[in-house]
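Everything on this sheet refers to the single structure shown next.
The values are calculated or read from the model by the stated rules, or taken from the named source; none is laboratory data. Note that the coordinates shown come from a computational prediction; the quantities given were computed from them, not determined experimentally. As a convention, Cβ positions derive from the backbone with ideal geometry for all residues, glycine included, and neighbour counts pool all protein chains shown. The protein model used for the area step is the full one, side chains on, heavy atoms only, and it has no ligands, DNA or RNA in it. Shrake-Rupley method; radii C 1.70, N 1.55, O 1.52, S 1.80 Å.
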Amino acid sequence: MTHAIPQTMGQQFGRRSWAEPWKIKMVEPLRMISRAERQRAMTEAGYNTFLLRSEDVYIDLLTDSGTSAMSDRQWAGMMLGDEAYAGSRNFYHLEETVQKYYGYRYLVPTHQGRGAEHLISKALIKPGDTIPGNMYFTTTRLHQELAGGTFVDVIIDEAHDPANLHPFKGNVDLNKLEALIKRVGADKIPYVSLAGTVNMAGGQPVSMANVRLLRELCNHYGLRLYLDATRMVENAFFIQEREAGYADKPVAAILKEFCSYTDGAWMSAKKDHLVNIGGWLAVNHEDVFETASNLVVVYEGLHTYGGMAGRDMEAVAIGIEEAVQDDHIRSRIGQVRYLGELLTDWGIPIVQPMGGHAIFVDAKRFYPHIPQQQFPAQTLAAELYLDSGIRAMERGVVSAGRDPATGDHRYPALELVRLTIPRRVYTQAHMDVTAEAVKAVYDAREQTRGLRMVYEPKYLRFFQARFERIE
Ligand code: F0G
């Protein structure tokens, strides 16, 4: 059973507004360049916001990854870095903190999330294997493919519909999963890949009921279940808000319960953990730990730093504690919703329900006259920058890449532009300016033309592809 989704934070928390549980101690000046300079910058960047210089950006909503503001406590922790090559005290602090809040037994530090994805994929996947998961993520799927596996999406159908109001659009469709297990055989499935708040679906959560049933199904077939915990704290907030029996439980307790149904997790600490760099892999099985801690010394660094400086590990450890505080997470998601509500009020099509880390604009409905082969979401991200110097990210056909078997574009149902909100960085006024910019681009939509791809790199093309305007 689930509760109705509150449309505003006010409805959930009564008549009082929420506010950030911090005040600002240091600022970084922003600068907006002229329209002509923005046009020059965009042309030089090949209409790809990843290729812009940050100095030419006014409000940067490209990603919430590594873009958080650290707290005074985290900065103080940076001064306590133990930069020993082996056995740094900060590693043990991080290990204890992950054990305390996530509950996993063994920790392998990595430089960021994809380092951990690389290790788990290499440790567990054999050529010809199948990895089921609740919608792909770009780097996760690529590492699974590079290890010889094939990713198969088993998310519920509602996740592919940007207007569907299902409260847990990240859920696994257990019937799809079971049919897949029967088709390929459990021995061809090294693990099930579960993401907490599904990035590509719009930051949509998985329910506790779903992960519990998923665990039972995995037990029945003898499968392991690993979690992409990158934004799992945000997922825990949605469970507290929407799932019966969790309203009075702290986010930290919900997080730990959820993780207890899984065998381990990989983490991009650059998101939930409020740091600029870092990641880890944590597992319960000793055999997986042994393989991963051997591989980490090949690809990342010694098993007690894995590519992070001692000071980075200290900042992650402190960040984990700050991330799971209820007042932090409520204001973080409250700010995302504030932006989403402004856009909704103006009739701008966005993914509903609003997710945890970003507002996703539905480019198919925004630009119905631009076919998907002309990259409507890429176009919208470029137009937004040209209008206001605001940088967003394409999450559509460019991000989906090509099918390795056929070489054709993969055409995802979701063609989205992500307005990603860094944690503790921007104010409500920045959200107002952003919403007004999206509105201006929306008002000019009928005159807007699509793009043509003129350069395409082999891997993760969205980062480096180049485009030209179709005249
Ligand atoms: N998993 C998820 C769900 C992610 O969103 C990301 C990164 C990763 C894994 C990989 O972690 O970047 O530390 O190597 N997402 C970033 C984004 C890039 O902008 O959404 P990483």
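If you average the sequence gap of Cα pairs under 8 Å that are 6 or more apart and divide by the length of region 165-286, what percent do you get for the contact order?
Relative contact order comes out at 23 percent.
Pull out a ≥ b ≥ c, the square roots of the eigenvalues of the alpha-carbon gyration tensor of region 117-189, then state rounded if a/c is under 1.5, prolate if not and a/b is larger than b/c, and oblate in the remaining case.
oblate
Quick one: if the Förster radius is 51 Å, what FRET efficiency do Glu178 and Val298 give, using the C-beta to C-beta distance and rounding to 0.05?
0.90
Can you tell me the relative contact order of the chain? Whole percent, Cα pairs under 8 Å, sequence separation 6 or more.
Result for the chain is 24 percent.
Can you work out the accessible area per residue across the chain, with the rest of the protein chains kept in place, probe 1.4 Å, in square angstrom?
40 Å²
What is the set of long-range amide H partners of Ile131 at a cut-off below 5 Å, with H atoms built 1.01 Å from backbone N?
The list, which skips near neighbours in sequence, is Thr150, Phe151, Val152.
Among bridges DSSP assigns within region 72-323, what percent are antiparallel (round to 5)?
Within region 72-323, antiparallel bridges account for around 50 percent of the total.
Take peptides 327-336, 193-202 and line them up by average Cβ neighbours within 10 Å, highest first, as a rough protection proxy.
193-202, 327-336
Between rounded, prolate and oblate, where does region 72-323 land on the alpha carbon gyration tensor, with a ≥ b ≥ c its root eigenvalues, rounded for a/c under 1.5, else prolate if a/b exceeds b/c?
Oblate is the answer for region 72-323, as a/c is 1.5 or above yet b/c matches or exceeds a/b.
What dipole magnitude, in Debye to the nearest 20, does region 72-323 give about its Cα centre under +1 on Lys/Arg Cβ and -1 on Asp/Glu Cβ?
Result for region 72-323 is approximately 320 debye, rounded to the nearest 20.
Do any of Lys126/Lys182; Lys100/Lys270; Lys271/Lys458; Lys25/Lys270 go past 24 Å between their Cα atoms, and which?
Those over the limit are Lys271/Lys458.
Just order 64-77, 415-428 by mean Cβ neighbour count inside 10 Å, highest at the front, would you?
Going from most to least packed, we get 415-428, 64-77.
Relative contact order, percent, of region 72-323 when contacts are C-alpha pairs under 8 Å separated by at least 6 residues?
Rounded, it is 33 percent for region 72-323.
Pop out the carbon and sulfur fraction of the accessible area of the chain as a percent, whole number, probe 1.4 Å.
51 percent
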